[in-house]
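Reviewing the structure listed below.
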Amino acid sequence: MEHAKHIIRAILLLVMAVVVFVLVRHFLYPNSFGLHGHYRFDSVAEYASAAPVHGDKGSCAACHEEQAATLTRGKHGSVSCEVCHAPLSTHVQEEARVAPMLVDRSMQLCATCHQKLVARPNGFPQVVLPDHAVEKGAQITNGVCQECHNAHNPSE
Amino acid sequence: MPTIQANNLPPHGDRETALPVLDRRGFLKHGTRALGASLATLVLCDLAELMEMAEATGLTPEPAASVLAGYDWTKHRYVYLVDVRKCIGCGACVRACAQENNVPRDYFRTWVERYEVSRTGEVSVDSPNGGRDGFAPHVRGHDVTKAFFFPKLCCHCTYTPCVQLCPVGASYRTLDGVVLVDEKRCIGCGYCVQACPYGSRFIHPVTHTASKCTLCYHRLTRGLLPACVQACPVKARMLGDTKKVGDEVAEIIATQTVRILQPELLTEPNCYYIGLSAEAR
């Protein structure tokens, strides 16, 4: 065993190399990298922790039961409140009212869905605006559509 | 000034006795000890962190697969379905997406295109402001025999060109099938933006990192629908979960005629289209 110390030295060098590698890797690799693939797993949790801006369909009905009931009865039942108004978080945060909800009565808002366009599906209710309003003898003002139609239930 | 010439230098033996220089053997011996001791100190100080890292690198058995509180990502696999025949081009999805994800103005994580096709096969496509403000009626230079709206978003491909070429491991696909970008890792090289065949990525003008549709991951993990799906007034956009028993959307994809975009690229998109005409690109 006269050469034993050569072997011991070689092993020591190897161990040192491994330790150096592990340390360097530790400082260069971010936490949670490689846990589920070639990416930082913490990033998934970061995405998941973002606060939703829109509520869900039931959020508005919690306070506005009447409007919600009117909405579900009519043809606008499939339209989420936030489409015509604004995202829930602009109005309510942590169950407290922070600002009044946006109410847009403009013809432009109605036109985004109901302006007559060739590309729209045939069965979808569409009118040529503002001609439709003029035909019915209405003045083109803010809220002209609401003079005849209830936005929450257009057939009422 | 005296000049030093090679033959004026003291002889080798004299120099060695004059300076307390270590010989090679001594240098290696003491050096090794010193290095070993400092490394050992580092290792001991860092043991707890090292254990964590060992876990992270898979050297020790993984903890439970679900690390997101109250949400098990092994129990979901999302698919997206767009019924082109229903889309009215109102742009509610584009607005909802921008508000939900704070998408900078004039950049789009989802957008709507309008296709107008003539009898002779001329195709006109427009998407003013990504369809955000809806579409206005207009007159084409050609007759229009067929027209439709074509909503687009990230296809959340199974074989993602964007993830494959990311040089820093910033782009990835989650276990529940959502392609995301780690904004802290992304160096903004833009390779993924060019690699995406569906044009669904962009470089964020403020953070200068790649940005894209996340399928509203923060909503999915809370059991909510993506903002675009919830905003769609005609249910042209639908989200499905193939791991959920009796899922309506998964059932449609399994039983009806659906189309994916650019199937020849073998990216296996998880965004399906119903009623999409051949002109759509």
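Mind listing just one residue for me: the one in region B:134-148 that is more than 9 Å from every other protein chain (Cβ to nearest Cβ) and touching a Lys or Arg at 6+ places or on another chain (Cβ under 8 Å) and, of those, modelled with the lowest pLDDT?
Step by step, filter region B:134-148, then rank; the result is B:ASP143.
Within the set of pairs 6 or more residues apart or between chains, which connect a residue that is closer than 23 Å to B:LYS146 by Cβ inside region B:69-97 to a residue that is of a type in the set (Lys, Arg) and not in a loop (DSSP other than H, G, I, E, B) with Cβ atoms less than 7 Å apart?
B:VAL82/B:ARG237; B:GLY89/B:ARG114; B:CYS93/B:ARG237
State the number of residues belonging to region B:166-196 that are over 11 Å from B:THR209 (Cβ atoms), within 9 Å of chain A (Cβ to nearest Cβ) and surrounded by 23 or more Cβ atoms within 10 Å (Cβ to Cβ).
Keep residues of region B:166-196 that are over 11 Å from B:THR209 (Cβ atoms), which gives B:166-167, B:169, B:172-180, B:191, B:194-196.
Cutting the leftovers down to within 9 Å of chain A (Cβ to nearest Cβ) gives us B:166, B:169, B:172-175, B:178, B:180.
Filter once more, keeping what is surrounded by 23 or more Cβ atoms within 10 Å (Cβ to Cβ): B:166, B:172, B:174, B:178, B:180.
Residues meeting the conditions: 5.
Could you tell me whether any residue of region B:205-212 is under 12 Å from the mean Cα position of the chain (by Cα) and assigned to a loop (DSSP other than H, G, I, E, B)?
Yes: region B:205-212 contains one or more residues that are under 12 Å from the mean Cα position of the chain (by Cα) and assigned to a loop (DSSP other than H, G, I, E, B).
Do any helices (runs of 4 or more DSSP H) lying entirely in region A:46-156 carry at least 3 residues that are within 26 Å of the chain's Cα centre (by Cα), and which ones are they?
Here the list reads A:65-73, A:81-84, A:107-114.
Quick one: B:ALA280 ticks every box in (1) surrounded by fewer than 22 Cβ atoms within 10 Å (Cβ to Cβ); (2) at pLDDT 95 or above; (3) in contact with a strand residue (DSSP E or B) (Cβ under 6 Å, 6 or more places away or on another chain); (4) in a loop (DSSP other than H, G, I, E, B) bar one, so which box is it?
All conditions pass for B:ALA280, except number (2).
Which ones in region B:84-112 are among the charged types (D, E, K, R) and at the interface with another protein chain (Cβ under 10 Å from one of its Cβ atoms)?
Correct list: B:ARG85, B:LYS86, B:ARG95, B:GLU100.
Got a number for residues in region B:197-218 being within 11 Å of another protein chain (Cβ to nearest Cβ) and in contact with a helix residue (DSSP H, G or I) (Cβ under 7 Å, 6 or more places away or on another chain)? If you could, list the steps in order and put the result at the bottom.
We begin by selecting, within region B:197-218, every residue within 11 Å of another protein chain (Cβ to nearest Cβ); these are B:214-218.
This time we only want the ones that are in contact with a helix residue (DSSP H, G or I) (Cβ under 7 Å, 6 or more places away or on another chain), so: B:214, B:216-218.
Looking only at that region, the number is 4.
Residue check: is B:CYS271 in contact (Cβ under 8 Å) with a residue 24 or more places away in the chain and within 12 Å of chain A (Cβ to nearest Cβ)?
In short, no.
Just one of B:VAL82, B:VAL43, B:VAL67 is at pLDDT below 75 and within 30 Å of B:ALA250 (Cβ to Cβ); which is it?
Just one listed residue meets the conditions, B:VAL67.
The values are calculated or read from the model by the stated rules, or taken from the named source; none is laboratory data. It should be emphasised that the depicted structure is a prediction, and the values quoted were computed from it without experimental measurement. Note that each Cβ is placed from the backbone with ideal geometry, even for glycine, and that neighbours are counted across all protein chains shown.
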